[in-house]
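The values are calculated or read from the model by the stated rules, or taken from the named source; none is laboratory data. Please read these numbers as outputs of a predicted model, since none were measured by experiment. As a convention, Cβ positions derive from the backbone with ideal geometry for all residues, glycine included, and neighbour counts pool all protein chains shown.
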Amino acid sequence: MSVRNSLLALPLCAIIGLSSAAEPLQLQAAQVKALGIETAMAGEDMSTREGTLPARVVVPNEQMRVVAAPVSGLVEMLAVAPGATVKRGQVVAHLASPQALELQRDALQSGSQAALLQQTLKRDEQLFAEGLIAESRLQSTRATAAQAAALANERRQGLALAGAAPGKLGGKLALTATIDGVVLEQGVQLGQRVDTSAMIYRIAQLSPLWLEIQAPLTQASSLKIGDAVKIANSEVSGKLIAIGRAVDAASQTVLLRAAIRAGTKTLHPGQVVEVEIATTGTAGTRLPASAVARHDGKTFAFIQTAADDKSVTFAARPVRVLTQGGNSVVVDGVKIGERIAIRGVSGLKAFLTGVGGE
């Protein structure tokens, strides 16, 4: 007997409208097989990964630092490699730079000039006090001394930013780590010539870490800051700290951000993981999305109420969708332990609405 004939062979009372949704739907065993109906216990592992969302492990911006070449030069020494742990102030590289020599020379010259003009200023102040020079000459000397002091200070600061030692010419530039952390990336090789601002190392503190999560708009709208986030098949968990307002035009997803403070040693920046988000204060039962049917603005799940060797009986029960994400939904109205239809639901919906099967 064909599937269509099997459907027509049902008792008339089984083909009902939504107004009689409480009436049971009794199907013969052959009909259940023909429609491909499968059942599962609500609350069992219904492919738990269906409820997960993709996420990427990233380092918070404030925990990242770049050791860059302050001037152009030649990389003479690299002290660490990616994966190494470094301390703040630790020398990580040496740079030989003619430009640094110029900065040292300019700093020495401007310092000497400023010191000489300070002596001239003291002499003119003494001469003015004795009435031997005009006030205009004293004011001119003061202005010249102030300009020289400002120039010397500017060049000392430039020398400090370059990492060169003040007060002498020559020597290598010592580049140091500015935070305690782990070297994530090395941007140059030993003996390479680099330009100003070239990245030498990227260093980061790896605790806490962030998870950047792509969530469907329908699910993101039901989330709140503070909702628990758990990495699938792991004990690592954290909390939601940001919910994006912009929607990606291509995927229609929203960017979520979660902070992970415990268990970060098992995570690596750039790693792709899958996460589960538990909505605060939301009770309900997670089902595969294929287990629910919609009609006229209502949502139903089909509960198996009886079964034997000859027939299976289902009851169409209205449910309320609390959250939806990936290929799963969380609903109110189904109890854990109840057996529900998770495949062939379209055929059951056809019986429920009085529409013949295809």
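Annotations
- Of the residues making up the range 229-244, those that are within 15 Å of the chain's Cα centre (by Cα) and either free of Cβ contacts under 8 Å to residues at least 12 places away in the same chain or within 14 Å of Thr52 (Cα to Cα) (or both) are Val229, Lys230, Ile231, Ser237.
- Residue match in the range 284-293 (condition: farther than 21 Å from Arg320 by Cβ, surrounded by 16 or more Cβ atoms within 10 Å (Cβ to Cβ) and assigned by TED's automatic domain parsing to the domain that holds Val330): no
- Filter pass, Leu117 being of a type outside the set (Val, Ile, Thr), in contact (Cβ under 8 Å) with a residue 40 or more places away in the chain and assigned by TED's automatic domain parsing to the domain that holds Gln186: no
- Residue under evaluation Met77, criteria (1) surrounded by fewer than 20 Cβ atoms within 10 Å (Cβ to Cβ); (2) modelled with pLDDT of 90 or more; (3) within 30 Å of Arg257 (Cα to Cα), criterion not met: (3)
- Hits in the range 296-341 (condition: touching a Ser or Thr at 6+ places or on another chain (Cβ under 7 Å), in a loop (DSSP other than H, G, I, E, B) and of a type in the set (Gly, Ala, Ser)): Gly326
- A single member of Arg65, Arg105, Arg88 is of a type in the set (D, E, K, R), under 19 Å from Ala150 (Cβ atoms) and within 48 Å of the chain's Cα centre (by Cα), and it is Arg105.
- Test: residue in the range 217-233 that is among the β-branched types (Val, Ile, Thr) and either within 16 Å of Gln63 (Cα to Cα) or modelled with pLDDT of 95 or more (or both): no
- In the range 82-117, residue surrounded by the fewest Cβ atoms within 10 Å (Cβ to Cβ) [restricted to those that are closer than 24 Å to Ile200 by Cβ and among the basic types (Lys, Arg)]: Lys87
- Some residue of the range 82-89 being touching a helix residue (DSSP H, G or I) at 6+ places or on another chain (Cβ under 6 Å), in a loop (DSSP other than H, G, I, E, B) and either more than 30 Å from Ile231 (Cα to Cα) or modelled with pLDDT under 95 (or both): no
- Residue match in the range 210-227 (condition: of a type in the set (Lys, Arg) and in a strand (DSSP E or B)): no
- Strands (runs of 3 or more DSSP E) within the range 1-66 that include 2 or more residues farther than 16 Å from Thr305 by Cβ, in contact with an Asp or Glu (Cβ under 6 Å, 6 or more places away or on another chain) and modelled with pLDDT of 50 or more: 53-58
- Just one of the listed residues (Ala55, Ala68, Ala81, Ala93) is farther than 22 Å from Leu161 by Cβ, of a type in the set (Gly, Ala, Ser), touching a residue at least 40 places away in the same chain (Cβ under 8 Å) and assigned by TED's automatic domain parsing to the domain that holds Thr178, namely Ala81.
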